[in-house]
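Colleague: Below is one structure. I have some questions about it.
Read-outs: derived from the displayed coordinates by stated rules, not from any lab. Given the structure is predicted, the values throughout are model-derived calculations rather than measurements. Quick reminder, even Gly has a Cβ in these numbers, built from the backbone with ideal geometry, and neighbours come from all protein chains shown.
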Amino acid sequence: MQIFKCVKTSTSIATAMTAGLLSTLVVAAIPPKSASLPKSVNGGEAEFRKEIQPLLKKYCYACHAGGVKSGSVAFDEIKSDPSLLENRKLFQRVLKNLRSGIMPPVGADQPSEAEKRTIEEWIKAHVYQIDPVNPDPGRVTVRRLNRVEYANTIHDLIGIDYDTRTEFPADDAGHGFDNIGDVLTLSPMLMEKYLDAAQSIVSKAVPTASKVIAETEILGASFQREGAQIASNKAANVPTGNAANFLALSYYEPATVSHALQIEHPGSYQLILDLSANERYVDNQVDYNRCRLVVKTDGQELLRKEFNREGGKRLHYEFDQKWQTGAHSLSFELQPLTPGVEQIRSLTLRINKVTVRGPLITKAADRASVKEGSAKTADYRVEPRNYRRFFPEPVPSAPAQRHIYAHKLIGDFARRAFRRPVDEKSVARLVALAEGVSAQPGQTFEGGIAQAMVAVLASPRFLFREEGIATAKNNQQSRRKINQKSGLSKNENHNHHNNQPYPLIDEYALASRLSYLLWSSMPDEELFRLAGQGQLRKNLTVQVQRMLSDRRSEALVQNFSGQWLQTRDIEKVPIDARAVLSREAAPIAFTPGSGDRNRRGPRIRFDDALRKDLRHEADSYFGYVVHEDRSVLELIDSNYTFLNARLAQYYGLNNSGVTGDEFRKVILPPDSPRGGMLTMASVLAVTSNPTRTSPVKRGLFILDNIMGAPAPPPPPDIPPLESAAVGLKNRKPTLREVLSAHRNKPECLSCHKRLDPPGLALENFNAMGLWREREFDQPIEPGGKLVTGESFTDIRGLKHILVTRHSTEFYRCLTEKLLTYALGRGLEDYDVEAVDQIVKRLEQDKGQFSSLLTGVIESVPFQKCRIVSVAEKTNSLKSTAPKSHLPDTKTRKRAAPLHKVNVAAKT
Amino acid sequence: MRDRYVERTNIAAQSRESFSRRHFLRGAGVCLALPALESLLPDKALAAVTGAGAKTGGLATTASGAPLRTAYVYFPNGAIQSNWWPTGTGLDYKLNSTLQPLESVREYVRVLGGLDHACAVGGVDGGGDHARANSVFLSGVRAKKSATDIHLGISIDQMMARQVGHLTRLPSLELTCDDTRKASACDSDYACAYQYNISWSSPTTPVTAEANPRLAFERLFGTGAPGERVANSRRRQLAQKSVLDFVLDDAQSMQQRLAANDKQKLDQYLTGVREIESRIQRSSQMGAAHDPNVETPEGIPSDQAEYVGIMFDLMVLAFQTDSTRIASFCLAHDGDNRSFSHIGIPEGHHDLSHHQGDPDRIAKVAKIDVWYVAQFAKFLTKLRDIKDVDGKSLLHNSMIVYGSGDADGNRHSHDNLPIVLAGGGGGTLSQSSYVNYKSTPACNLFLSLSDRMGIKNLERFGDSTGRIKI
């Protein structure tokens, strides 16, 4: 197996070059020996003078030449030809602004579509130096599993759930996603946690003996209340929703619950109680109630204990019992101790579960006899749970057979964990590790295998996603397929062996790219099988379909759309409902105080349950577009959304007829402002401040995530806005007034005229996403005009404009986001070609989601990678060496801080 | 899971709730119930390890042979300037309203004016002051402006840990009360890593801080109930040992196959593995971590004061047991927008900090500033009330920087940063005073501290130009 990694080459070097260098050097920095030198690099300047400059003169020079230098851009200041082509930054802006219709500005003469295309094509071919026949696929920095992927992979690999959200620190994100190789760093602390996690996962999942003491778990919910007919949890006012395994007993009501258990074999048993003392949070108020719990078995008291409120504390008790064969009873009796004390926090004692272990082997003699397998003592031990999953066959007794068995078990596990074939040497090392552990006193064969599994889970090959490239044969075979799909040139023949700079990634790497894109998890057996046979690329369409219809594809919804639209944040975003609502005279939707014990009277709570519902709405909606293969334009505008009863009420859609907790697609009333992601309370809340809306954040959100034309960051010294309040002595200025004062400042105008109109269009929704007509008793004015000239009167109009007039920008934006997520890297200039191909497909297919997804999966950057020779690796090492990022010398009066300086001390 | 938006119990209610186990360290000074430190670290052994005996003390050691600690505490979004700076100067100064909570420990407090972080200034990099304020604070270098190509510099706490970390079980401790990450891109095209990490072990490796009190506690003292931890830690290290050889080898051979950027990732992996190896080695030399015999705190409290308080208590405990001598604590990252409903301020902190001169908003921000200082003051008080191995207080044998990388949150200025230096430095720090250093790099302060930590050969750090007198 060959594994080469792709190394950063031409672009970083080319970008780093300063204006003084000759253009021939730029050419030299292109991947060497490439048969695909951009055909017209040398013709670039000539073409510029002939084709491009006249267009710039015609449409741009009025503001960007002849001493006028709007936005610090002056096209006539480009003197020499080389500096023209190296001015990437400038032409990035040209391309972006031209495509988004921001330039030339509304009212100025507009270039024809053909003229636009001429400029676009010239930039792509000569500034970005994209070879359309064999475009650069770029390179992906080896990706560490983020904590979501880690948890999913462990689940699929071992079958247990490991709570990485608690145990691991949050992963840093880049470009809005938390799966970007470059920023997924690995600190020593995380390394330590990985080792601990490996150990604890394996010890939880993998049995280390072939027989163990039998254990029976009795879930709290299976206890029966004496004399009461009421459904058990309802009596204790426990929120329903997910079917609870536990049984909750209220501190305030006497109750006795019991369970009858059947003992098969006489002997010593261990009884383990798992309880917890819970409460419902109520601000500023404490509940002083107490209760007493009496636990009995067969009428005999085991435990008598009093409880205050314990703040969710987990309680754990163990008792030893001698039991004869037959029926035995276990009961819990709760006695309230404080009648008359105010009942504020719904205090409950929860019986989570009771575990019965036994019969125990207590005497040394018994232990010995069980160990020998002699019949002196009956052996009631059982095969541990999951034993067959990890040890499908009985452990052979002959050492040679054991060795072979160990080899097979470990080789198999490592292959799946590393998501690719494993070399013989590694397996041998792991087997040696396992046998070393097994040989220790008191250890078992299984224990040794388990420890080797720990090593596998701690290995960098598990934690990082290593990718290989396809062999010559595979590359040749699959080339035709890819080219047909992606619409690339069919007659190119320079990419058929792995000496080429842009080979296909191998099928195992492809399997992982697919599975982490669609499932945020490892490939399953079918993907492994196809990859092993070299058949995955041939069956891509079928496999993607299969993967999408698998439940695991929920990960794409949660992790991609949850981050793209930031709906993931809804569960934590700080919102102060009271403060938000106080800004409005009378909110229209009102939740009656069901279960709201707050003495301030009923109010709308922006609580956990609601936040979960809002998240659910967003996920269901995006999932619907994915699974029903709808047009992605419906993400912006539609006549439906997904609701349950609580959410319908929250949105004031009381007549929708939606009942219960289940979410379903609901057709909205014709005049409804909802429908589409922009007007979901989740999106509206995460783009707000805790007490008020933020039209700027919302405007930015639309530019960044819908139109794909992010505004530059604000200048470092933001001038104060006191003037907004001038002349409004008797009232607070509206946000619109504050913002328009802002726009009067020239340094703010160019961005805020883009940001504010879409942001203000959403002002009819407060920071909790509820509809409102007024704020501080001023009417809301949501109307406005986009910088591209289209006017609208409210959000309905804006959504309509976005889907009818700006669909291409939206396609491009969404494509860029999904491609970033799929590749785990930020997009570079040369990726424009891949993006354009996908956008073209989307336009042909009217935005169907499948054409986006297949477009991404079949794209060059997803299918291929850039490799380099050893010599170039050295080169690129140099190019990634620390560069100094000196601050503007004007702002500094002291010596420049070089990175080197502060590592002066000996280490 | 913690829910930041829920309104929180007020202070009065809390005191009545002190029976709650969550307040395990907050109540009647549970830290005080720890066994005397003498039994843990005999003076002689200490002197042998550090080569103490010189008049100034050895490496991270006071003249009297006790451990000398340094901690850095970051608070977000700057401070209202007019309420922060004292009146009067030198020894004869009067604490202003924001620093009032420090009055009771005033003898250990120095207010340092005129310290700057020039590398946090926008300049050619433009916007992104929060990302810069946060990342520059302890590193003193300019963050490379990129969403993915992270490049900063080692931070002063990690620089110190490199030098003195071998003296303790943990080279350093990093804590934070930022337990969530936002799903969107971060401040003005800067990688999120800059905005959330103040400690950096190399220009490309942020040291992720621990946000969960339970996990931080277990990292210090091991898992399980009191009494079980020593055995658990030992078991854990045995298990670790059994796989280290394999993974080390695996990482090295993988590194051979990879390209430059990927090698960097594997370097981080290898550094992590070696760190674990040396921890195992240190603990076989020093014995297992001392079990402080208090219950392990549960997860993240929903009450903000409780959360911050427990994290501070963990620092106290870490210093008291000499588990580490270097700590950093990010109370919240710069630009943090959490709401302070628990003190009657529902608005977001960041949102408010752009107060635009509105007196009402200024007053609210000042109240938040005071709240943070008050939590810090409680921490100092605890350190002051605990006796160290040499009979002096923990606070006497510590140097604690409290500050922000933003000066005026409204304008995003980075000069005249609000910085307080607390502690006695083992007797090496001057008396309580207010000194204006008139536009001096904050890194000069870091060098003055590292001198006191006994670190040699650190001539420059970040944008330092020398030392300051403290």
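Colleague: Does chain B classify as rounded, prolate or oblate by the C-alpha gyration tensor (a ≥ b ≥ c root eigenvalues; a/c under 1.5 gives rounded; else a/b over b/c gives prolate, otherwise oblate)?
Modeller: rounded
Colleague: Amide H neighbours of A:Met522 under 5 Å, counting only residues 5+ apart in sequence or on other chains, H built in-plane at 1.01 Å?
Modeller: Distant-sequence amide H within range of A:Met522: A:Thr153.
Colleague: Turning to a different aspect of this structure: Go ahead and collect, in residue order, the members of the range B:405-429 whose backbone nitrogen is under 11 Å from a label point 7 Å along the Cα-Cβ direction of B:Ile343.
Modeller: none
Colleague: Each residue of the range A:422-428 in turn: what ³J(HN,Hα) in whole Hz from Karplus with 6.51, -1.76, 1.60 and θ = phi - 60°, glycine and Pro shown as x?
Modeller: Result, rounded to whole Hz: 10, 5, 4, 4, 5, 4, 4.
Colleague: Let me ask something else about it. If you add up the charges near B:Gly224, with Lys and Arg at +1 and Asp and Glu at -1, over every other residue whose beta carbon is less than 15 angstrom from its beta carbon, what do you get?
Modeller: It works out to a net charge of +1.
Colleague: Collect residues whose amide H, placed 1.01 Å from N in the peptide plane, falls under 5 Å from the amide H of B:Glu347; neighbours closer than 5 in sequence don't count.
Modeller: Excluding prolines and chain starts, which carry no amide H, the hits are B:Phe340.
Colleague: Across peptide B:435-448, how many C-beta atoms of other chains are within 10 Å of each residue C-beta, on average?
Modeller: Mean partner-chain Cβ count within 10 Å for B:435-448: 1.
Colleague: I'd like the mean, over residues of A:195-204, of how many other protein chain beta carbons sit within 10 Å of each residue's own Cβ.
Modeller: 3
Colleague: Follow-up question, since we're still on this one. Note down the relative contact order for the range A:787-876 as a percent, whole number, built from C-alpha pairs under 8 angstrom at least six residues apart.
Modeller: The value is 23 percent.
Colleague: With r defined as the distance between the Cβ atoms of A:Glu318 and A:Arg225 and R0 fixed at 22 Å, what FRET efficiency is calculated, to the nearest 0.05?
Modeller: 0.30
Colleague: Next question, about the same structure. Testing the spin-label approximation: label points 7 Å from Cα along Cα→Cβ at B:Asp360 and B:Lys94. State their distance in nm.
Modeller: 3.0
Colleague: A further question follows. What are the residues whose amide H is under 5 Å from the amide H of A:Leu302, where those residues sit 5 or more places off or on another chain and H is modelled from the backbone?
Modeller: Distant-sequence amide H within range of A:Leu302: A:Val295, A:Lys296, A:Thr297.
Colleague: Please report the net charge: other residues with Cβ closer than 13 Å to the Cβ of A:Leu430, K and R +1, D and E -1.
Modeller: Within the 13 Å Cβ shell, the charges total -2.
Colleague: So how do A:671-680, A:178-187 stack up, highest first, on mean other-Cβ count within 10 Å?
Modeller: The densest-packed peptide leads the list: A:178-187, A:671-680.
Colleague: Excluding A:Asn352 itself, what net charge comes from residues whose Cβ is under 11 Å from its Cβ, given Lys and Arg +1 and Asp and Glu -1?
Modeller: Counting the neighbours of A:Asn352, the net charge comes to +1.
Colleague: Going 7 Å from the Cα of A:Asp671 along its beta-carbon direction, which residues of the range A:757-777 have the amide nitrogen within less than 17 Å of the resulting point?
Modeller: So the set is A:764-765, A:771-774.
Colleague: Each residue of the range A:768-779 in turn: what ³J(HN,Hα) in whole Hz from Karplus with 6.51, -1.76, 1.60 and θ = phi - 60°, glycine and Pro shown as x?
Modeller: For the range A:768-779, the Karplus-derived couplings read 9, x, 8, 5, 8, 9, 9, 9, 6, 6, 9, x Hz, x marking Gly and Pro.
Colleague: Tell me, what HN-Hα J-couplings in whole Hz come from the Karplus equation 6.51 cos²θ - 1.76 cosθ + 1.60 at θ = phi - 60° for each residue of the range B:339-346, using x for Gly and Pro?
Modeller: Ordered by residue, 3J(HN,Hα) equals 8, 10, 4, 5, 10, x, 10, x Hz.
Colleague: Next question, about the same structure. Return the FRET efficiency for the residue pair A:Val395, A:Arg546: r is the Cβ-Cβ distance, R0 is 51 Å, and the value is rounded to the nearest 0.05.
Modeller: 0.90
Colleague: With r as the distance between the Cβ atoms of B:Arg467 and A:Leu303 and R0 = 60 Å, compute the FRET efficiency 1/(1 + (r/R0)^6) and round to 0.05.
Modeller: 0.40
Colleague: Related question: With an 8 Å Cα cut-off and a minimum separation of 6 or more residues, compute the relative contact order for chain B in percent.
Modeller: 31
Colleague: Turning to a different aspect of this structure: Only Cα pairs under 8 Å and at least 6 apart count here; give the relative contact order of the range B:318-422 as a rounded whole percent.
Modeller: Once divided by the residue count of the range B:318-422, the mean separation gives 18 percent.
Colleague: Something else: From other protein chains only, count the Cβ atoms within 10 Å of every residue's Cβ in A:574-581, then give the mean.
Modeller: 5
Colleague: For the ranges B:285-294, B:215-224, what's the packing order if you count other beta-carbon atoms within 10 Å of each residue, average per peptide, and put the highest first?
Modeller: With the highest mean Cβ count within 10 Å placed first, the list reads B:215-224, B:285-294.
Colleague: So for the pair B:Gln256, A:Asp379, with labels modelled 7 Å out along Cα→Cβ, what separation do we get in nm?
Modeller: 4.6
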